[in-house]
Amino acid sequence: CGATRGAHRCVLALHSPVFRRLFDPSNPMVAGATVPLVGKAVGEFELLLEYFYSSDATLVRDESAVALLALAEEYQVGALKKECEAWLVDHVDAEQAVDCLLLAQMYNCAALEATTRDLLVKEFEGVAQSDGFGARPPPVHHVSPQNLTPRLPYISTGALPPELLADALQRDELC
């Protein structure tokens, strides 16, 4: 979208090994004055910057948890990833269990995976009736962060698209 945001290199490097490597003077690909962030939503990246400057865990909430989890994983921000996972663990319910299990597996969130697996067992009837469990159309060939995350921008969106659920069930990734 062409939006430019200012940030201090030292703050970015302090919180993210990805930025640390990007700004390392010994790196032949050292970043210039402007770092393009292709494919990033401005609002979501602004939340990441706000977290870098404040370390405010309250930024992780219903409308931001999934997006911040994805950014935390991409930029290797361990503290933020733990905050996002903890928030998701505290807020997962039967309606979102399938979505959260796939997120847990995508982003290697062991506590979230354990919580959602337990919820799937204990509340199977509620999960089976959720929109996320849906009909099972012919499977798609690949579930990846690229084709799942855009469909799950926030935890409150609810259902996992049926084609992604069917593929995950066929490959026995949910249980």
Flag if S54 is modelled with pLDDT under 90 and exposed (fewer than 11 other Cβ atoms within 10 Å of the Cβ): no
Tally, over segment 114-128, of residues that are part of a helix (DSSP H, G or I) and touching a residue at least 12 places away in the same chain (Cβ under 8 Å): 7
The listed residue being open to solvent by 40 Å² or more (accessible area, probe 1.4 Å) and farther than 23 Å from W87 by Cβ, out of V38, V42: V38
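Inside segment 35-80, can you point out the residues that are outside any helix (DSSP H, G or I) and within 15 Å of the chain's Cα centre (by Cα)?
Answer for segment 35-80, where residues must be outside any helix (DSSP H, G or I) and within 15 Å of the chain's Cα centre (by Cα): G39, K40, A41, V60, R61, D62, E63, S64, Y75, Q76, V77.
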Segment 8-17, residues that are open to solvent by 40 Å² or more (accessible area, probe 1.4 Å) and not charged (D, E, K, R): H8, C10, L14, H15
Matching residues, segment 95-113, being of a type outside the set (D, E), in a helix (DSSP H, G or I) and either under 15 Å from L59 (Cβ atoms) or open to solvent by 20 Å² or more (accessible area, probe 1.4 Å) (or both): Q96, Q105, M106, A110, A111
Qualifying residue in segment 61-77 (condition: more than 27 Å from T4 (Cβ to Cβ) and open to solvent by 40 Å² or more (accessible area, probe 1.4 Å)): yes
The one condition in (1) without any contact (Cβ under 8 Å) to a residue 12 or more places away in the chain; (2) open to solvent by less than 10 Å² (accessible area, probe 1.4 Å); (3) of a type outside the set (A, V, I, L, M, F, W, C) that D90 fails to fulfil: (2)
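The values are calculated or read from the model by the stated rules, or taken from the named source; none is laboratory data. Small disclaimer: the values here were computed from a predicted structure and weren't measured. Quick reminder, even Gly has a Cβ in these numbers, built from the backbone with ideal geometry, and neighbours come from all protein chains shown. Just so you know, the surface numbers come from the protein's heavy atoms only, side chains and all, with ligands and any DNA or RNA stripped out. Shrake-Rupley method; radii C 1.70, N 1.55, O 1.52, S 1.80 Å.
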